[in-house]
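Heads up, the thing below is written out as structure tokens.
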Amino acid sequence: MVYFWKDKKNGVVYHHTSLEAAAQIDGLTKAPDGSVEDAVFEAAEGIVRLIGDEIVLGKTTAEKQAEENQQKVITLKRQLAETDYIAAKIAEGSATKAEYADKIAQRQAWRKEIGELSS
């Protein structure tokens, strides 16, 4: 079990797996403001903080979305890098834009999506 105490003065959330440790280490003598099973705490990656007056365990929906967007941008940039050869072939004259029209359109869509995810 992981126990939580909130300190509104400094915006800190204390957490301990033992009530005795909380008292000895942080001098906490009041009853905990909340508790969760160890597995729940671990699933939240050990992230616990005070947002407003609430103890928030884990990442917020906005933080999760930002991470997903960041991963998608990384994937899209990798896809762009993997198709950079097209520009070189066209510049060197060994290929035409018409030959790679589908890929060029896809690259433009990837760039647009990167812009949307990054804003």
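Coordinate-derived values only; no laboratory data. Keep in mind that what you see is a predicted model, and the values were worked out from it rather than measured. As a convention, Cβ positions derive from the backbone with ideal geometry for all residues, glycine included, and neighbour counts pool all protein chains shown.
A few remarks follow.
- If the segment from Thr83 to Asp53 were pulled out straight at 0.36 nm per residue, it would be longer than the present Cα-Cα gap by 5.9 nm.
- Rounded to the nearest 500, the helix-only mean residue ellipticity at 222 nm of the chain stands at -16500 deg cm²/dmol, with each DSSP H run of n ≥ 4 adding -39,500 (n - 2.57).
- The stretch between Ala39 and Ala105 holds 19.1 nm of extra length on full extension. This uses 0.36 nm per residue minus the Cα-Cα distance.
- For segment 52-110, the Stokes-Einstein estimate of translational diffusion at 20 °C and a viscosity of 1.002 mPa s comes to 151 µm²/s, using the Kirkwood hydrodynamic radius over alpha-carbon pairs.
- Note on the chain: with a GNM built from Cα contacts shorter than 10 Å, the maximum mean-square fluctuation among Ser18, Ser35, Ser94 falls on Ser94.
- In the chain, a dipole from Cβ-located charges (positive for Lys and Arg, negative for Asp and Glu) runs towards its positive end, and of Ala66, Ala43, Ile114 it is Ile114 whose Cα lies farthest in that direction.
- Euclidean distance between Cα centres, segment 65-119 to segment 1-39, Å: 49
- Computed from the C-beta positions of Thr61 and Ile90 and an R0 of 35 Å, the FRET efficiency is 0.25 to the nearest 0.05.
- Alpha-carbon geometry of segment 1-60: the Rg and the Dmax are 11.0, 31 Å, given in that order.
- Set Lys89/Lys112; Lys72/Lys112; Lys6/Lys30; Lys9/Lys30; Lys77/Lys103; Lys72/Lys97 screened for pairs whose C-alpha atoms are more than 18 Å apart: Lys89/Lys112; Lys72/Lys97
- Note that the chain, at 4 °C in a medium of 1.567 mPa s, gets a Stokes-Einstein diffusion coefficient of 70 µm²/s from its Kirkwood radius over C-alpha pairs.
- The GluC sites (Glu not before Pro) found in segment 1-66 that occupy coil by DSSP, while having at most 14 further C-beta atoms within 10 Å, are Glu37, Glu45.
- The modelled label-to-label distance between Glu113 and Leu19, using points 7 Å beyond Cα along the C-beta direction, is 5.3 nm.
- Debye, to nearest 20: dipole size of the chain, +1 on Lys, Arg Cβ, -1 on Asp, Glu Cβ: 600
- Nearest-0.05 FRET efficiency for Lys30 and Thr75, computed from C-beta distance (R0 35 Å): 0.15
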